[in-house]
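Shown next, in structure tokens, is the structure this report addresses.
What follows draws every value from the coordinates through simple rules; no lab data is involved. Please read all numbers here as calculations on a predicted model, not as lab measurements. Here the Cβ positions follow ideal geometry from the backbone for every residue, glycine too, while neighbour counts run over all protein chains shown.
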Amino acid sequence: MGVKPIVLKLGGSVITDKEKPLTPDLQAIERLAAEISRAKVSSLILVHGGGSFGHPVAEHYDIPGGYVDPSQILGFSQTHLAMTLLNSWVMEALISYNIPAVDVHPSSCVVTKAGRIVNMELKPLKKMLKMGFVPVLYGDAVLDSEKGFDILSGDQLVASLAIKLGASRIIMGADVDGLYTSDPKKDSSAHLIDHVTLEELKSLKHKIEGSKATDVTGGMLGKMLEVTFAIERDIETVIVNATESGRVYKALKGEKVIGTIIEKGEKVG
Ligand code: IP8
């Protein structure tokens with residue numbers, strides 16, 4: 001077994017303008033590509049979210065509701081197309097910074113059952129990692145053995161890839177600094193939690209909000225529920241604000257960074 005990979009998620013709200021349909025944030029994408037390149041991680045898997053590309057289209061055709069009407073078939077194609085368009089911007093930036101990125105489309109290598117991954121083709125991913133490529137996946141429309149199809153969130157992918165490929169760490173690049181004791185927009189006494197155990201996280205769950213903008217996969221709450229599965233298997237997870245310059249770089253390097261570390265075990269320090 002070679003070097004354990006790091007799984008990095010770039011949230012859709014970081015790399016797109018979530019208020020404007022089909023609008024990439026090219027500045028953010030380019031800055032992040034530069035940070036990833038500078039960090040020179042020896043084994044890395046990237047996953048990105050849907051933002052204003054996947055979510056509005058998926059919602060329009062109710063892809064998360066599963067197949068009920070033939071008109072949704074074209075909607076599935078359009079959702080996937082929207083994601084490939086966003087993915088192209090990401091790929092172009094990564095490769096222009098000399099990152100040997102290869103896009104892996106979940107719609108062609110993952111099947112879910114009632115929304116949960118039951119089948120994922122791992123061989124190409126393992127081989128890519130071995131050869132030093134950086135596989136890039138994203139939240140996507142996928143086929144589902146019960147519902148016909150569904151939306152697979154980048155977050156479920158992150159946890160599943162981290163578990164199946166034996167990742168050392170997960171870095172969740174979000175548009176907030178991390179988890180707070182309460183909603184900082186409503187409560188002035190709210191403060192950032194820099195370190196939390198799974199046990200403590202469970203008691204915080206009711207305070208973590210779902211998403212405000214169109215997000216068919218549940219925002220921060222959905223994120224937390226998904227990564228729990230990886231943390232339970234001792235994969236340390238850190239949430240950092242990827243809209244702030246240098247945070248993803250520091251997290252990739254394992255340096256001290258503003259954010260929230262979630263661990264399975266007892267709180268240290
Ligand atoms: O933004 C969902 O991925 P996420 C992607 O990671 C689609 O939840 C197609 C809506």
Cα pair count fraction exceeding 23 Å, expressed as % - the stretch 121-204: 45
P(r) of the stretch 1-160 over all Cα-Cα pairs, binned every 10 Å from zero, in whole percent: 11, 41, 34, 13, 1
Fully extended contour minus Cα-Cα distance, from Met131 to Leu225, at 0.36 nm per residue: 30.6 nm
Diffusion constant of the chain at 4 °C, which comes from Stokes-Einstein with the Kirkwood Cα-pair radius and 1.567 mPa s, µm²/s: 70
Percent of beta bridges antiparallel (DSSP, the chain, rounded to nearest 5): 35
Across Lys223/Lys264; Lys130/Lys164; Lys40/Lys250; Lys4/Lys126; Lys202/Lys264, pairs whose alpha-carbon gap is larger than 18 Å: none
Residues listed by number, the stretch 1-33, amide nitrogen under 19 Å from Glu236 label point at 7 Å toward C-beta: 3-9
